[in-house]
Amino acid sequence: MHNRLTDLLWYLDLHHAKLKDRGCNLPNIFLNLPEYKINSIYNKFYFTGKHKKEQLSVEKLHGYVKEVESCASQPWASVERWKQFISLVLDLCHSARKYIKYLEEVNQSIKENHLSIDFICNKIDNISLETREKKEIFNKKYNDIFLKLHNSDYYELISLDTYFPDNKRARYEFISNLEVNFAFTLYRYYHGNYLGTLNFIWKLPDFDDRSKTNEAQLILLANKMVPTFFTRQMKKNVIEKVGIKKLN
């Protein structure tokens, strides 16, 4: 039991927050282990080692749970002095199985989406538009975007995705603080899956010269650029395609 229970707890070590978000709470007896009491983790190598970061899988989690449940059904586990502990172990297994069910539902949904010939999301509900006015002084890290806008026409569609940092948090801060010496509209389409967000901008003239008609046409053009794709390569193709798209 000791080794199998350790394997299960080790596998769940980095994912307590995910389980908690789905109502799959671990019994307090396990959360009161020394490292967890100081809000730490045991598997520190996961973050410090240079290896592929593995997510929870249905197959592996099911295998660990099955091994623990098998031990919990042995004759020794029915001895009175072990009953309370075994009950907590089974509660742990129940939470793990609850999360397995959630993963199975997610996987099934993804399979259905991949087989669908229709749009998965309503584009109107998944876009955001924001106008940002020009700033005389701006961070130098946005200089490439400034030069791109400088060399573009008003209402010319430009993809931002090639300018973003690789780190997710850095991307968020990058786009949240994006300001240059031009006014522009920021168009963002949220895919709602691992593909993330598709981001476009276009340069705007001075306020009195702005055209609602041109703005509406650019939004329609951006909507057309949003693909019904499911691979990173297709997303890359769309971004490259933007380079030759321009509002006439």
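Among all positions in segment 162-176, there is no residue which is outside the structural domain of VAL106 (by TED's automatic domain parsing), on the phi > 0 side of the Ramachandran plot, outside any helix (DSSP H, G or I) and modelled with pLDDT under 90. Taken over segment 1-35, the residue count meeting the criterion of being among the polar types (S, T, N, Q) and within 25 Å of GLU104 (Cα to Cα) is 2.
Filtering GLU136, GLU156, GLU179 for residues that are loosely packed, with under 12 Cβ neighbours inside 10 Å, assigned by TED's automatic domain parsing to the domain that holds LYS203, touching a residue at least 40 places away in the same chain (Cβ under 8 Å) and not hydrophobic (A, V, I, L, M, F, W, C) leaves a single hit, GLU136. Applying the set (1) at pLDDT below 90; (2) in contact with a helix residue (DSSP H, G or I) (Cβ under 9 Å, 6 or more places away or on another chain) to LEU8 leaves exactly one unmet item: (1).
Within segment 50-66, being in a helix (DSSP H, G or I) and buried (at least 16 other Cβ atoms within 10 Å of the Cβ) holds for LEU61, TYR64, VAL65.
Can you name the condition, by its number, that ILE239 falls short on among (1) at pLDDT below 75; (2) touching a helix residue (DSSP H, G or I) at 6+ places or on another chain (Cβ under 8 Å); (3) in a loop (DSSP other than H, G, I, E, B)? That leaves (3) as the condition not met.
The values are calculated or read from the model by the stated rules, or taken from the named source; none is laboratory data. From a predicted model like this one, the values you see are computed outputs, not experimental measurements. No Cβ is skipped: glycine too gets one built from the backbone with ideal geometry, and neighbour counts run over all protein chains shown.
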